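Data block below; observations after.
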Amino acid sequence: MSVEKASVCPLDCPDTCSLAVTVSGDQVIAVRGSRVNPITHGAVCAKVAKHYPEFVHGTTRLRHPLQRRGPKGSGTFERISWDQALDIVCSRTREVIARYGPEAVLPLNYAGPHGMLAGDSMSLRFFHALGASLLSRSPLCGGIRSTAYAGTFGATPGTPLQQVSLAKLIIVWGNNATVCNLHLMRQINAAKRNGAKLVVVDPRRVKVAEQAQLHLAVRPGTDVVLAWAIAVELERLGGLDRAFIDQHVLGFDAFMERARAYPPERAAPICGVELEAIRTLARWYQQASPAVIAWGNGLERNQNGGSGLRAIAALPALAGKFGVAGGGLVGGAGHSFPKTPDRLTRTDLIPARTRTINILDVGRVLLDERLEPPIKALIIYNHNPVIVHPDQNRLKRALARADLFVVGIEITMTDSMQYADVVLPASTHFEHADLYPAYGQQYLQRAEAVIPSVGESLPNTEIFRRLAARFGLTDPALRASDAELMDEALNASDPRLQGLQPSRIPTDRAIRMEFGGAEPILFKNVLPRTPSGKVELLSKSLGDRYGAALPGFRPVESRYPLTLISPASDKRITSTFGGLSASDAPPPLEMHPTDAAERRLSDGAWVRVWNDSGEVFLPLRITSIVRPGVVCSEKGAWLRTSANGQTVSALAPAHKADLAEGACFNDARVEVAAQ
Ligand code: SF4
C-alpha cells in the first residue's frame, strides 16, 4: 500500500516547490507538486517528477562507504564499514594536520541540497573547530548577484514573485523562466491575462521570449551597456522620477555620467540589438505602472556581470517604479528570512587568521607547489566540482595529485567521487528532516523524512557529528541534534516566524515572510539597508572592496570568435540527475545558421569546439534560437556524455568577474569546426 507524504524540493533552483511524495514501504515511487506552498501551487518541473525515484533508489546511488582501490579516476572501489571509513579519514587527515597544520585541510562544497541542515550546518561547525582552511563558495555562482544586489539595496527583500501578476509591464532579463524559474511563468501568464506587456532580454529566443511583445537578443556580457542606454533614453523622454531620485538615490550624477557615454545609438551595435528596440523598451517602461523586472541567474557570469546587474537594478529607482505592489525588481528573496548563519555554523569557532580560498581557485591552489601550507586533504560534499567548475582540465589534474587525500560525501557516484580515496554515502533530503527558505520566493517550509535512509547512508549532519567525535573534538556544538540545529538556524523571536519554533514548523503549511503584517514592498513597508539608507548607484563599499564604486564595461579580448554560453538545462539541476539513464546523451551545440554556413557545418554533424583550455565534441544543432556570434550548450552534463572526458566547463575561463571574484562561464570564447 502506498501513502503520500509532504516534502520540499531541496535542489539549487529559486522555486523551492512543496512536494507530495508517494511512498510504498521504504521506496519513493512518485513525486508530484503539492499545494502546501501557494507559490508553487501543485506544479513541479518535469526533471524532478521524472528523475527523483531513480535518483534515490537507482543503480548509481551510494549505499555503503567505499575505499578506492585503483588509480584516481579509475572508478575502482571496495565496500568498507563505517568504522573503517571513519578510521581512515581520521588517521589520514590527522597525519596531514600533524605535518602541515589544520589549514592543509580544505572543505570543497557548494549547493547540492539547499536545506539549511544538509547545506552548511554541522559540516562547517566541524571544519571551523578543526581549523581547516575556509572556502569562499559564493564566487562559483550566487556571489556576483548577492553582492550586486546588497551593494545596491542592502540586505532587504525585493519584490515577491507573486506580485509579478499585478504588473502592467514585465521585463524578464536573462531568465529562461520556463526551465529555471517555472513558477514565474504562472505569474507572467496571470499578468498577461490582465493586459500586461512582456519584454524578454536574452541572447537566445527562449520559450518565454516567444510569448513576448518584444525580445532583445542581447550579446552576452553587454547587459550593463543596454541598461545604461535605457537610462539615457528614459532621461531623454523625461521618464526619470526626479523627486524619488533626490530623496532615495545615492550616486545619480556619477551613474548617469557613465551611462550617457552609451546612448542608445552607441549601445545598439555593442549589444547587438536594434536601436528601435531599446527606445521602445524605455518608452514602455516609462509609461507602465506597476512595472517589474525579473532577472535570472546566468546573465552575470561574465567579467561585467556585477555591473550588468547593478545597472539593471538602477532602472526601477531611476524611473520611480518602487513603492507599489507589482513594481520594482524581483530579487533579494533570501533577505526575507530571519536566518542566523553565524550561530548555525558557529563562526566563533574559527581560529584567528584562518586563510580563505576562493572556490574558483581550488584547481590552481592544489597545483601550487609554493602554497604554504599546501592543501593535502580535501573533503568534497554537496558538490560535483569536476563538472561544474570552470577550467575543468586543470581541476582534474589537481584532483589526480597522488599525494592529495580526497574524501567524498555524496548521494550518487559522480565524476568527482571517482577521485576520492574514501567515499561516504549521504542520505537524500527524503531521508532526513530539514528547513527550507528559498532564494526565489518568500515562503519558509520544513519537511520530515519520508523514508528511512537508503542502505547505510547517513544525513550530512550525522556524518559530520561522527567525524567530529572520531577526531576527538569536544565542543558541545558538535553534538547538537538536528532539531537543535534547526532552532539555531533561524531567529525564533523574529515576528516573521509567527511564534513558531523552527524545529516545529508544521509540514502542512508554508510560512509567508511578512513585514508589518504584509508582503514586502520596497519603499512602502521595507527600505534599503545600505549604509546611506538609499538605493546606492554609487557604492563606497563595492569601490573599497572591488574597485567598482560604479558599474563599468570591458569587452572580452580573445582570438576566438564565438561566445560560448552554457545555461541551465531542462534535464538536470546543474549536474544533479546527470548520472541517470535519461541524461546520458551529449547535449547539442546550438549555432545560428549564419555562423554554421561560414564554417560549412551541417545540422546533426559532430563538431569540435575548442579554445586554449580544452576541446569538446558535440552534435551540432543549427538554429536561429541563438543569436549570431553566440553558440550555446547546456551545463551540467557528466563526463560519460563526452568522447574525450571534457565537457563545456573545460572551455570556461578562469578569470574573475568585476564583483565577488565570481565565475565568468559566459566569457568563454571558442572556435568550432567539423570533427
Ligand atoms: S527543481 Fe525547481 S521547479 Fe523543479 S521541483 Fe525543484 S524547486 Fe520545483
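The values are calculated or read from the model by the stated rules, or taken from the named source; none is laboratory data. In this text, all values refer to a predicted model and were calculated from it rather than measured experimentally. Cβ sites come from the backbone with ideal geometry, for glycine too, and all protein chains shown count toward neighbours.
Selection of strands (runs of 3 or more DSSP E) fully inside segment 393-487 by the criterion of at least 3 residues being under 23 Å from the mean Cα position of the chain (by Cα) and under 22 Å from Cys9 (Cβ atoms) returns 434-436, 443-447.
Residue-wise test of (1) surrounded by 24 or more Cβ atoms within 10 Å (Cβ to Cβ); (2) more than 29 Å from the chain's Cα centre (by Cα); (3) within 14 Å of Leu198 (Cα to Cα); (4) touching a residue at least 12 places away in the same chain (Cβ under 8 Å).
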{"residue": "Arg283", "(1), (2), (3), (4)": "no, yes, yes, yes"}
{"residue": "Ser289", "(1), (2), (3), (4)": "no, yes, yes, yes"}
{"residue": "Ala294", "(1), (2), (3), (4)": "yes, no, yes, yes"}
{"residue": "Ser307", "(1), (2), (3), (4)": "yes, no, no, yes"}
{"residue": "Gly323", "(1), (2), (3), (4)": "no, no, no, yes"}
{"residue": "Gly332", "(1), (2), (3), (4)": "yes, no, no, yes"}
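Under 6 Å between Cβ atoms, at least 6 apart or on separate chains: pull out the pairs that start in segment 65-79 with a residue that is farther than 18 Å from Leu404 by Cβ and end on any residue that is of a type in the set (A, V, I, L, M, F, W, C) and not in a strand (DSSP E or B). Pairs found: Pro65/Ile80; Pro65/Trp82; Pro65/Ala85. Within the span defined as segment 44-51, one or more residues are within 12 Å of the ligand (Cβ to nearest atom) and within 21 Å of Ser416 (Cα to Cα).
Is it the case that some residue within segment 82-105 is assigned to a loop (DSSP other than H, G, I, E, B) and either buried (at least 17 other Cβ atoms within 10 Å of the Cβ) or within 16 Å of the ligand (Cβ to nearest atom) (or both)?
No: segment 82-105 contains no residue that is assigned to a loop (DSSP other than H, G, I, E, B) and either buried (at least 17 other Cβ atoms within 10 Å of the Cβ) or within 16 Å of the ligand (Cβ to nearest atom) (or both).
Taken together, Asp368, Asp361 contain a single residue that is surrounded by fewer than 16 Cβ atoms within 10 Å (Cβ to Cβ), over 30 Å from Ile521 (Cα atoms) and charged (D, E, K, R), which is Asp368.
Rundown of residues vs (1) surrounded by fewer than 23 Cβ atoms within 10 Å (Cβ to Cβ); (2) under 29 Å from Asn304 (Cα atoms); (3) out of contact with any Lys or Arg (no Cβ under 9 Å at 6 or more places or on another chain), yes/no style:
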{"position": "Ser613", "(1), (2), (3)": "yes, yes, no"}
{"position": "Leu618", "(1), (2), (3)": "no, yes, no"}
{"position": "Ser633", "(1), (2), (3)": "no, yes, yes"}
{"position": "Arg640", "(1), (2), (3)": "yes, no, yes"}
{"position": "Ala643", "(1), (2), (3)": "yes, no, yes"}
{"position": "His655", "(1), (2), (3)": "yes, yes, yes"}
{"position": "Cys664", "(1), (2), (3)": "no, yes, no"}
{"position": "Ala668", "(1), (2), (3)": "no, yes, yes"}
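Against the numbered list (1) part of a loop (DSSP other than H, G, I, E, B); (2) within 14 Å of the ligand (Cβ to nearest atom), Gly73 comes up short only at (2). Being in contact (Cβ under 8 Å) with a residue 24 or more places away in the chain, of a type outside the set (A, V, I, L, M, F, W, C), under 24 Å from His41 (Cα atoms) and crowded, with 20+ Cβ neighbours inside 10 Å, is that true of even one residue in segment 206-216? No, segment 206-216 has no match at all. Within the bounds of segment 389-406, is there any residue that is charged (D, E, K, R) and closer than 19 Å to Val28 by Cβ? The answer is no; no qualifying residue exists. Within segment 558-602, if we keep just the residues that are touching a Gly at 6+ places or on another chain (Cβ under 7 Å) and β-branched (Val, Ile, Thr), the residue that is modelled with the highest pLDDT turns out to be Thr563. Counting only residues that are within 11 Å of the ligand (Cβ to nearest atom) and either part of a loop (DSSP other than H, G, I, E, B) or over 23 Å from Pro160 (Cβ atoms) (or both), segment 8-33 holds 11 of them.
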